[in-house]
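This report refers to the structure that appears directly beneath it.
The values are calculated or read from the model by the stated rules, or taken from the named source; none is laboratory data. Since this is a predicted model, take the numbers as computed values, not measurements. Note: ideal-geometry Cβ built from the backbone for every residue, glycine included; neighbour counts use all protein chains shown. Accessible surface areas use protein heavy atoms only, side chains included; no ligands, DNA or RNA. Shrake-Rupley method; radii C 1.70, N 1.55, O 1.52, S 1.80 Å.
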Amino acid sequence: MGIKWNEIFVGGDPLLVGSQIAIVLTVVAIVAGLTYFKKWGWLWREWLTTVDHKKIGIMYILSGVLMFFRGGIDGLLMKAQTARPEMNFLDAQHYNEIFTTHGVIMILFMAMPFLIGLMNVVVPLQIGARDVAFPQLNALSFWLFFSGAMLFNISFVVGGSPDAGWTSYFPLAGKEFSPGIGNNYYAIALQIAGLGTLMTGINFIVTILKMRAPSMTLMKMPMFTWTTFITSIIIVAAFPIFTVALALMTFDRLYGTHFFTLSSGGSDMLWANLFWLWGHPEVYIVILPAFGIFSEVIATFSRKTLFGYTSMVVSIVGIAFLSMIVWVHHFYTMDAGPAVNSFFSITTMLIAVPTGVKIFNWLFTMRKGRIQFTTAMLWALAFVPNFVIGGVTGVMLAMAAADYQYHNTLFLVAHFHYVLIPGVVFAVFAGLYYWWPKMFGFMLNEKLGKYHFWLFTIGFNVTFMPMFFLGLKGAVRRAYTYSAESGFAPLFLVSAIGSIILAIGFAVFCYNIYWSFRYAKRNVSHDPWDARTLEWMTASPVQFYNFAVVPEVKQLDAFWHMKKRGETLTLKESDIKKIHMPSNSGLPFYMAVVFGITGFFLVFEAHIAAAVAAIGIVIGLVIRSFDYNDGYYVSVDEIKRTERTWRNVEGGTENHVG
């Protein structure tokens with residue numbers, strides 16, 4: 001079959017051997033636990049075959065937590081290596097692999113699933129839909145993402161990790177300079193996961209355009225739905241570019257073509273252009289939903305309608321448009337010429353205008369508001385100054401002449417983290433604390449949440465602020481060590497200490513999840529935050545059909561105005577009709593398995609084995625083509641019983657804000 005068995009398992013390094021043992025023990029523990037508690041059937045029925053958008057969203061979020069842990073460990077290892085000059089904790093090759101996987105995992109396998117998870121849970125509820133437009137496609141999207149993520153993650157113990165940076169620039173990423181299989185993982189795993197993301201984008205565009213509640217026009221949609229809609233459009237516009245780039249990379253590495261090589265007419269700059277044509281919009285794919293989360297949180301806890309709603313929508317559209325015409329600012333130093341650099345310098349700086357509009361809108365929303373300092377609101381408040389630091393340093397980097405000085409230094413790394421951590425991670429935490437009761441029927445502990453907030457925020461600033469000054473002093477990125485004479489040691493040490501505080505903050509968050517699952521009160525009302533949008537109109541956790549009767553939307557902040565009119569829990573049983581729902585399906589899970597097996601063989605360049613495995617993909621497509629299951633109906637009696645269980649409960653806590 002052409003499988004190179006001697007290349008499969010990576011050994012020698014104690015860290016890797018320890019990881020292999022830990023993975024084996026974890027798998028054994030999971031299998032033993034499921035068997036002992038007889039949960040295999042439950043796992044299959046409730047999760048592996050589900051097409052419910054809420055459960056799929058929760059699985060995305062769980063994946064995000066796992067990937068945060070993995071990417072965070074990579075970050076801590078890097079900080080340990082650079083804490084002192086000339087350290088030998090990691091060698092150069094291991095360091096290269098770790099900063100590569102850290103970047104890929106944090107952007108594609110941590111930020112993306114967290115945000116897509118929240119989109120899955122919240123958006124259908126915000127627009128009054130029963131599910132997304134294509135539920136089975138939604139399940140397939142998740143399982144392809146998960147398959148790609150797992151394939152990428154096994155690289156560090158099976159075969160070797162990619163080591164050419166998250167940008168995977170050619171010619172370094174080509175066979176000539178990286179002959180191992182590590183970068184095959186990059187090409188194949190990201191391709192599989194990217195297919196899932198592309199399907200998600202298509203699904204949410206159709207869902208938002210076609211499945212909104214009666215009378216909900218586009219300009220009555222909540223801001224998180226708006227940002228999800230625009231993000232989905234960017235996904236559909238940008239991800240096919242990456243799909244093509246990865247396909248060409250695969251041909252170069254596996255089949256000896258020369259699209260990106262320096263020989264035989266190839267061009268390494270073709271890769272740089274294709275990568276950033278996707279890569280820069282990708283930044284906004286993760287940032288825009290985060291803006292939507294902050295908008296919901298700030299409006300709710302300021303007790304005010306979002307200031308400048310129309311200008312916010314225009315700003316989102318403007319950012320999306322500009323995000324597609326700025327990619328060259330990532331390689332000003334690659335001799336594109338002053339005219340080209342000037343054009344992209346101006347378009348890059350223009351993005352600050354709509355972004356600034358949004359910042360002022362959030363500030364004016366809070367002005368004269370009755371602000372409640374919940375954990376979710378604290379994340380939103382901390383976002384503003386930290387993100388402004390990231391934005392202002394971004395404008396500095398946008399100036400082509402100045403960029404020649406900053407480029408490839410830790411100043412750039414600090415800027416990048418000041419954009420993505422406040423702009424994405426803070427938003428994810430805000431969204432999780434805010435929507436957690438809607439997902440699980442209980443709240444995360446607010447006191448632990450505030451410990452989490454302060455530790456994480458302080459740790460973040462102590463970690464990354466010194467890197468601005470290190471960059472200005474000339475410390476380059478992706479260097480695994482430095483000399484004592486460079487004078488970098490004190491700031492690197494401060495940064496390493498900050499990363500430990502950051503990690504403790506994340507550990508408190510994980511403990512908060514554990515504590516809340518065990519001890520949090522379960523009598524939470526359906527609307528614990530006195531919120532404004534439709535997802536708070538239904539039960540917590542939400543019943544599988546979402547709404548007994550789809551509400552009619554008369555204005556922005558529909559649920560808020562319904563409460564003012566006393567209409568929130570009014571349900572005439574005569575209005576209830578039977579509800580059509582999609583059936584569960586094991587096909588998406590099956591497709592993820594065969595995609596994963598096929599991808600694994602391709603990584604090891606076992607072409608015949610991959611071709612055999614790919615037959616399984618064709619079989620899956622054929623099965624789907626002849627699948628005539630049209631779903632089922634929920635009876636009126638079952639709906640009435642379900643609605644009574646949460647509408648007539650006494651003692652539900654109406655306000656949990658401390």
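Some observations on this one:
- Checked across segment 567-581, the condition of being surrounded by fewer than 14 Cβ atoms within 10 Å (Cβ to Cβ), more than 20 Å from residue 645 (Cα to Cα) and modelled with pLDDT of 90 or more holds for at least one residue.
- Scanning segment 204-232 for residues that are surrounded by fewer than 19 Cβ atoms within 10 Å (Cβ to Cβ) and part of a helix (DSSP H, G or I) returns 206, 209, 210, 218, 219, 220.
- Residue 288 being crowded, with 21+ Cβ neighbours inside 10 Å and outside any helix (DSSP H, G or I): no
Residues checked against (1) closer than 12 Å to residue 464 by Cβ; (2) of a type in the set (Asp, Glu); (3) surrounded by fewer than 24 Cβ atoms within 10 Å (Cβ to Cβ):
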residue	(1), (2), (3)
406	no, no, yes
409	no, no, yes
413	yes, no, yes
416	yes, no, yes
419	yes, no, yes
423	no, no, no
426	no, no, no
432	no, no, no
441	no, no, yes
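- Here residue 539 fulfils each of the conditions (1) in a helix (DSSP H, G or I); (2) over 25 Å from the mean Cα position of the chain (by Cα); (3) small (Gly, Ala, Ser) apart from (1).
- Near pairs, Cβ below 6 angstrom, 6+ apart or cross-chain, from segment 378-389 (open to solvent by 20 Å² or more (accessible area, probe 1.4 Å)) to any residue that is in a helix (DSSP H, G or I) and hydroxyl-bearing (Ser, Thr, Tyr): 389/418
- Test: residue in segment 101-110 that is under 30 Å from residue 540 (Cβ atoms) and in a helix (DSSP H, G or I): yes
- Note on segment 324-340: residues that are under 28 Å from residue 236 (Cβ atoms) and free of Cβ contacts under 8 Å to residues at least 12 places away in the same chain amount to 1.
- Residues considered: 553, 549, 524. Of these, the only one that is open to solvent by less than 10 Å² (accessible area, probe 1.4 Å), more than 25 Å from the chain's Cα centre (by Cα) and modelled with pLDDT under 95 is 553.
- For segment 78-108, the set of residues classified as without any contact (Cβ under 8 Å) to a residue 40 or more places away in the chain, surrounded by fewer than 18 Cβ atoms within 10 Å (Cβ to Cβ) and of a type in the set (A, V, I, L, M, F, W, C) consists of 89 only.
- Check on residue 544, crowded, with 22+ Cβ neighbours inside 10 Å, under 30 Å from residue 144 (Cβ atoms) and in contact with a strand residue (DSSP E or B) (Cβ under 9 Å, 6 or more places away or on another chain): no
- Subset of segment 568-599 [free of Cβ contacts under 8 Å to residues at least 40 places away in the same chain and among the hydrophobic types (A, V, I, L, M, F, W, C)]: 594, 597
- Residue 477 passes every criterion in (1) closer than 30 Å to residue 94 by Cα; (2) within 27 Å of the chain's Cα centre (by Cα); (3) at pLDDT 95 or above apart from (3).
- Among the residues listed as 179, 162, the single one being more than 30 Å from residue 532 (Cα to Cα) and open to solvent by 10 Å² or more (accessible area, probe 1.4 Å): 179
- Residue 608 vs. criteria open to solvent by 80 Å² or more (accessible area, probe 1.4 Å), assigned to a helix (DSSP H, G or I), touching a residue at least 60 places away in the same chain (Cβ under 8 Å) and of a type outside the set (Asp, Glu): yes
- The requirement of being over 15 Å from the mean Cα position of the chain (by Cα) and in a loop (DSSP other than H, G, I, E, B) is satisfied by residue 128.
- Filter result for residue 562 (closer than 26 Å to residue 430 by Cβ and in a helix (DSSP H, G or I)): yes
- Neighbours by Cβ (under 6 Å, 6+ apart or cross-chain): first from segment 257-285, among the aliphatic types (A, V, I, L, M); second open to solvent by 20 Å² or more (accessible area, probe 1.4 Å): 262/171; 274/241; 277/241; 277/327
- Taking segment 300-402 as the region of interest, the helices (runs of 4 or more DSSP H) fully inside it that hold 3 or more residues being within 24 Å of the chain's Cα centre (by Cα) are 309-323, 352-366, 375-398.
- Subset of segment 485-505 that is touching a residue at least 24 places away in the same chain (Cβ under 8 Å) and farther than 16 Å from residue 79 by Cα - its residue that is surrounded by the fewest Cβ atoms within 10 Å (Cβ to Cβ): 486
- Residues located in segment 65-92, provided they are assigned to a helix (DSSP H, G or I), of a type in the set (Gly, Ala, Ser) and closer than 17 Å to residue 499 by Cα: 71, 72, 75, 80
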